[in-house]
Amino acid sequence: MMKMTKNLLLGVVAVCGSTFQAVACTGISLTSRDGSYVQARTIEWARGVLQSEYVIIPRGQQLTSFTPTGVNGLTFTAKYGVVGLAVVQKEFIAEGINEAGLSAGLFFFPHYGGYETYDAAQNQRTLADLQVTEWLLAQFSTIDEVKAALSSVRVVGLEKTAVVHWRIGEPSGRQVVLEIVGGVPHFYENEVGVLTNAPGFEWQLTNLNNYVNLHPGDASVQKLSGITLQPTGGNSGFLGIPGDATPPSRFVRAAFYRGTAPQRATGFDTVQQCFHLLNNFDIPIGIEHSQGDIPDIPSATQWTSAIDLTNRKVYYKTAYNNSIRCIDLKAIDFSKVKYQSQPLDKIQEQPVEMVKIPR
């Protein structure tokens with residue numbers, strides 16, 4: 001049985017952040033030429049080491065949601081086996097996939113979202129926001145099933161100032177964004193294939209219109225008052241793309257990087273491409289804090305994942321070890337495996353391959 005401890009509140013703060021600077025997740029998605037669909041993302045936490053684990057949930061596992069008053073919320077049984085990447089404790093799956101191919105993840109959404117007010121009298125159908133990903137991956141195989149079932153639960157926050165929204169995808173390539181505002185859920189079809197944080201998804205799409213001038217390649221030569229203006233280097237067509245780490249700027253960059261990325265042949269090729277694209281969103285720890293107030297961690301981007309929904313594989317790398325690791329759901333017997341969690345890094349150390357120089 002899970003225990004309600006002070007670590008729960010610490011976990012909420014770690015997942016959702018006590019300040020804007022704490023969390024800055026960026027999500028993208030790509031489809032390969034062979035039809036493999038990949039959803040990838042970063043997860044940031046700039047206040048210290050984020051305790052992250054991979055989680056295995058077997059079919060038939062009984063799970064119970066936290067509420068603000070204890071481990072006394074919605075109880076449900078896993079219909080599908082799940083592999084998730086969790087933060088702080090195994091119940092808080094930030095990104096994951098089930099054996100049916102449904103994938104989901106949570107993203108910080110401060111000030112713009114808001115859940116229903118907690119009512120202890122309705123604990124039996126109360127679901128903590130940080131366990132929505134766990135619930136939907138354990139229970140459903142399609143987005144439409146999630147949409148139909150959401151009204152049966154009451155999503156509440158475990159910490160009043162912390163709010164998240166969700167990205168949900170199917171192997172077909174369909175993806176939706178779920179945002180709860182004023183206690184009312186809203187689903188948005190995500191054709192741009194990108195998600196960051198606040199403001200809301202519709203605002204982010206509108207904001208893309210401010211960058212209608214951007215295009216791949218070089219800008220054309222122009223005449224101005226008798227002089228010739230020409231690019232000073234390559235990629236001048238993207239001159240003016242925002243480079244800061246705020247959610248709107250990251251949304252714009254991610255949308256244009258994704259939109260101009262060539263389509264790769266296979267799912268694994270596409271996974272590799274996602275990691276390369278998301279390297280552009282690694283957030284240096286030094287920009288997140290005042291001088292002299294920087295924690296001893298290598299990066300604010302603590303881990304990056306890419307999930308191949310078609311081939312049921314979870315790939316990840318961390319700030320401590322950039323080697324890509326893979327969990328293959330097809331190699332797991334979800335009828336026999338134990339409910340468990342293990343750290344993403346057994347040792348927080350970057351392996352280095354020494355190059356032997358031939359004589």
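The values are calculated or read from the model by the stated rules, or taken from the named source; none is laboratory data. Every value quoted in this text rests on a predicted model; they were computed, and no experiment measured them. Reconstructed Cβ throughout: ideal geometry from the backbone, glycine too, with neighbour counts over all protein chains shown. Calculation scope for accessible area: heavy atoms of the full protein, side chains included, ligands and nucleic acids excluded. Shrake-Rupley method; radii C 1.70, N 1.55, O 1.52, S 1.80 Å.
For residue 338, give me every one of the lysines with a C-alpha distance below 26 angstrom, ignoring sequence neighbours fewer than eight places off in its own chain.
Cross-link targets: 3, 79, 90, 313, 317, 330, 346.
I want to check the label-to-label distance for residue 144 and residue 212. Put each point 7 Å from Cα in the C-beta direction and report it in nm to one decimal.
If labels sit at residue 144 and residue 212, their model points lie 3.6 nm apart.
Have a look at 162, 172, 150 and report the one farthest towards the positive end of the charge dipole of the range 80-195, computed about the Cα centre with Cβ charges (Lys/Arg +1, Asp/Glu -1).
Checking the options against the dipole of the range 80-195, the answer is 162.
Treating the beta-carbon of each Lys and Arg as +1 and of each Asp and Glu as -1, no other charges, what is the dipole magnitude of the chain about its Cα centre, to the nearest 20 debye? Before the final figure, lay out the partial values.
Details: 29 positive and 31 negative charges, 127 e Å.
Computed about the Cα centre, the dipole is about 620 debye.
Going by average Cβ neighbours within 10 Å, how do the peptides 257-265, 54-62 rank, with the highest at the top?
Details: 257-265: 14.6, 54-62: 17.9.
Order by mean packing, descending: 54-62, 257-265.
Rounded to the nearest 10 Å², what accessible area does residue 88 show when all protein chains are kept and the probe is 1.4 Å?
50 Å²
Is the shape of the range 13-130 rounded, prolate or oblate, going by the alpha carbon gyration tensor and its root eigenvalues a ≥ b ≥ c, with a/c under 1.5 for rounded and a/b larger than b/c for prolate? Display every interim value, and only then the final one.
Numbers: a/c = 1.80, a/b = 1.15, b/c = 1.57.
Oblate.
Treat every Asp and Glu Cβ in the range 64-197 as -1 and every Lys and Arg Cβ as +1, leave all other atoms uncharged, and give the resulting dipole magnitude about the Cα centre to the nearest 20 debye.
Numbers: 8 positive and 14 negative charges, 40 e Å.
So the magnitude is around 200 debye.
Go ahead and set up a Gaussian network model of the chain, Cα springs under 10 Å, then flag whichever of 330, 313, 79 fluctuates most.
330
Under a crude label model (7 Å from the Cα following the beta-carbon direction), how far is residue 276 from residue 335 in nanometres?
4.2 nm
Where the only charges are on Cβ atoms (+1 Lys, Arg; -1 Asp, Glu), what is the dipole of the range 152-255 about its Cα centre, to the nearest 20 debye?
On the way: 7 positive and 8 negative charges, 24 e Å.
The dipole of the range 152-255 has a size of about 120 debye.
Which of 69, 84, 292 sits farthest toward the positive end of the charge dipole of the chain, with +1 on the Cβ of Lys and Arg and -1 on the Cβ of Asp and Glu?
Farthest towards the positive end: 84.
Under a GNM of the chain (C-alpha, springs under 10 Å), which listed residue has the highest mean-square fluctuation: 120, 78, 100?
120
Based on the mean of other beta carbon atoms within 10 Å per residue, what is the order of 285-297, 31-43, most packed first?
So the order, starting with the most tightly packed, is 31-43, 285-297.
Which whole-Hz couplings ³J(HN,Hα) result when phi for each residue of the range 333-339 is put into the Karplus expression 6.51 cos²θ - 1.76 cosθ + 1.60, θ = phi - 60°, listed in order with x for Gly and Pro?
So the J values, rounded to whole Hz, are 8, 6, 8, 10, 5, 7, 5.
Taking a ≥ b ≥ c as the square roots of the eigenvalues of the Cα gyration tensor of the range 152-284, is the shape rounded (a/c under 1.5), prolate (a/b larger than b/c) or oblate? Walk me through the numbers on the way to the answer.
Working: a/c = 2.55, a/b = 1.78, b/c = 1.44.
The shape class here is prolate.
Roughly to the nearest percent, how much of the accessible area of the range 74-120 is carbon and sulfur, given a 1.4 Å probe?
Numbers: 640 of 1320 Å².
Ligands and nucleic acids excluded, carbon and sulfur give 49 percent.
Per residue, how much accessible area does the chain have with a 1.4 Å probe, in Å²? List each step's numbers first, then the result.
On the way: 16500 Å² over 359 residues.
About 46 Å² of surface per residue is accessible.
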